[in-house]
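Below is one structure, written out as structure tokens, with a few remarks after it.
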Amino acid sequence: MVKSKKEIIHLLEEIATYMELKDENPFKISAFKKAAQSIENDQRSLAEMDDILSLKGIGKTTGQIIQHFLQTGKSPELDQLKKEVPAGLIPLLDVQGLGGKKLARLYHELGVIDRETLLREAQNGHIEALKGFGEKSVQKIMEGVKELGTRPDRYPIDDVLPVAEEIEEYLASIREIKQFHRAGSLRRLRETVRDLDYVIEAEHADQVRASLLQLPLISEVTNAGDTKVSIEVNTSIQIAIDFRIVKPDKFITALHHFTGSKDHNIRMRQIAKDQGEKISEYGVLEANGHTLTFSSEEAFFKHFKLPFIPAELRLDGTEIEKIKTKHDFVSVADIRGDLHMHTTWSDGAYSIQEMIEACIKKGYEYMVITDHGKFLRVANGLNEKRLLEQNQEIKKAAANYPEIDVYAGVEMDILTDATLDFSDEVLQQLDFVIASIHSGFSQTEQEIMKRLETACSNPYVRLIAHPTGRIIGKREPYKVRVKELIKMAKETHTALELNANPKRLDLNAEHLQMAQESGVKLAINTDAHDTTHLDFMDIGARVAVKGWLSKSDIINTMTRKDFKQFLKKK
């Protein structure tokens, strides 16, 4: 069933897109876009709206569609549009330079219905001949389309996680499985993943194998041996999965072996060899021929006189020496608050009150609401008047929740001319100011660094959010000299963010280590636009481990009292 207004907005925008591709009446298309915008601009969440259909901009037709969607979670109108528009057009919408209007022209004027027909028409010179399509724009479109047609060698982790969760839900339903665990690069938290690996503990491999081969997502079975099942699935992505089925006593050594990395395993085998032993996926073979097995990975590492090495750190073997002197890592249990989140006042799905209640459920002691500033009009960003109104609303709402400290902030844009979106007179009225870059990604290093210097030097800016601006596998970082940024942050006592959204994971592990070594404080934040996004904190804490961070490196591990004191000084 429909849970948030974001789902309704997405429905209306999707209908408008399909109508655009069909070349429907522009006024009809505009009606759906206006209805979506009206819901987006309303500062209430879906639960707080008495009657969403009474909003200005929602007409009879859009209102009926919304009402049916709210009651059933379905839209016959969208389903019908999907039948009338060639399915091959939809992936083309992801190509830079191809919006709904342009793609509609190619469809209706040239008969483009998919990747192949578009490339054919481009190569024939027919697209370039159309008004509004120049040689350079067609070349860019072709490059983007060609990328669509190739299966990537590795997928961004954000694309892989939903598939893994679906697989794990199925594994949890197989009664014969005693336990299972992710292995491979996903367990090590690589930012990109080639395939999925699972180690499964079971007494009867044949029964488990039979169940695995019934997995609904399977597109191809590549191996169905006694203890190994290999398949390919084709959902949102096409990816290979290996399942290793082992007896209970072999589970831990198999998990260590198949987690990797290759270089970590080589170094561990050398350590075993030095003490007259041999490691394999089946156990540790002693010199006397006896095979040792273990009840936990902690016990496995202890056998080699090592502290437990988190999977995220098993990289190249050097971690084995480093772990001997450093093994006090931050954990998600240490996090006492989230300092970056959005509400319905800008582009979030839930209200101030709903975000507060979600943070209370997380057990947090404090939180900061940081909606977008006025520059991000596309995100319904707040101007000075609305920002200060929200400030008062946050304080009013906070009074109803004594169990948590709720602070008013903003995610303010660092503009392309190296100025800030708000004046100091406005910023000084807020509890916690975040500065970030959302535009001008193609600027030079010098221009980017000047912008970041402006933000760090401002007495009210507490934190630089997603400092490199990357989207894993989708957008390269802008030209930031991270060492220089860290130096500026150190000199100005500005914290840097580890943005825990799996699309970003920014800063990355290497940069986190650099920041820690320089004594720069960090914050792990979810940048939540939905209450469910608060769960990103778990992956954020794991990235912090990958960056060798301790609890003391992270400002949102402070106690409630200490954080309140922290806010009194820059």
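The values are calculated or read from the model by the stated rules, or taken from the named source; none is laboratory data. Quantities reported herein were computed from a predicted structural model and do not represent experimental measurements. No Cβ is skipped: glycine too gets one built from the backbone with ideal geometry, and neighbour counts run over all protein chains shown.
Can you tell me which condition residue 150 does not meet? The list is (1) within 18 Å of residue 116 (Cβ to Cβ); (2) hydroxyl-bearing (Ser, Thr, Tyr); (3) within 19 Å of the chain's Cα centre (by Cα), and all the others hold.
All conditions pass for residue 150, except number (3).
Could you identify the single residue in 355, 367 that is buried (at least 24 other Cβ atoms within 10 Å of the Cβ), touching an Asp or Glu at 6+ places or on another chain (Cβ under 6 Å) and either modelled with pLDDT of 95 or more or farther than 27 Å from residue 415 by Cα (or both)?
Numbers: 355 fails: touching an Asp or Glu at 6+ places or on another chain (Cβ under 6 Å).
Matching residue, one of 355, 367: 367.
If you scan the stretch 143-166, which residues turn out to be part of a strand (DSSP E or B) and of a type in the set (Ser, Thr, Tyr)?
Going residue by residue through the stretch 143-166, those that are part of a strand (DSSP E or B) are 155-156.
Residue satisfying the conditions is 155 alone.
Using the structure shown, decide if residue 338 is touching a helix residue (DSSP H, G or I) at 6+ places or on another chain (Cβ under 8 Å) and under 22 Å from residue 542 (Cβ atoms).
On the way: touching a helix residue (DSSP H, G or I) at 6+ places or on another chain (Cβ under 8 Å): yes; under 22 Å from residue 542 (Cβ atoms): yes.
Yes, satisfied.
Kindly evaluate residue 488 against the criterion of being in the same structural domain as residue 405 (by TED's automatic domain parsing), closer than 27 Å to residue 445 by Cβ and in contact with a Cys (Cβ under 8 Å, 6 or more places away or on another chain).
Numbers: in the same structural domain as residue 405 (by TED's automatic domain parsing): yes; closer than 27 Å to residue 445 by Cβ: yes; in contact with a Cys (Cβ under 8 Å, 6 or more places away or on another chain): yes.
Yes: the conditions hold for residue 488.
Of these, 169, 143, which one is of a type outside the set (S, T, N, Q) and either within 30 Å of residue 211 (Cβ to Cβ) or outside the structural domain of residue 19 (by TED's automatic domain parsing) (or both)? Walk me through how you get there before you give the answer.
Working: 143 fails: either within 30 Å of residue 211 (Cβ to Cβ) or outside the structural domain of residue 19 (by TED's automatic domain parsing) (or both).
After applying the criteria, what remains is 169.
Given the conditions (1) buried (at least 20 other Cβ atoms within 10 Å of the Cβ); (2) closer than 22 Å to residue 92 by Cα; (3) charged (D, E, K, R); (4) within 26 Å of the chain's Cα centre (by Cα), report the number of the one that residue 20 does not fulfil.
Failed condition: (4).
Just checking: which of the helices (runs of 4 or more DSSP H) contained wholly in the stretch 474-570 hold 2 or more residues that are exposed (fewer than 15 other Cβ atoms within 10 Å of the Cβ)?
Working: elements: 482-492, 509-517, 537-546, 560-566.
The qualifying helices (runs of 4 or more DSSP H) are 482-492, 509-517, 560-566.
Among the strands (runs of 3 or more DSSP E) lying completely within the stretch 214-255, list those that include at least 2 residues that are surrounded by fewer than 17 Cβ atoms within 10 Å (Cβ to Cβ) and under 26 Å from the mean Cα position of the chain (by Cα). Steps first, please.
Details: elements: 218-224, 228-234, 238-246.
Correct list: 228-234, 238-246.
Can you tell me which of 393, 365 is of a type outside the set (A, V, I, L, M, F, W, C), over 26 Å from residue 333 (Cα atoms) and either in contact with a Leu (Cβ under 6 Å, 6 or more places away or on another chain) or touching a residue at least 12 places away in the same chain (Cβ under 8 Å) (or both)? Reasoning before the result, please.
Details: 365 fails: over 26 Å from residue 333 (Cα atoms).
Exactly one residue qualifies, and that residue is 393.
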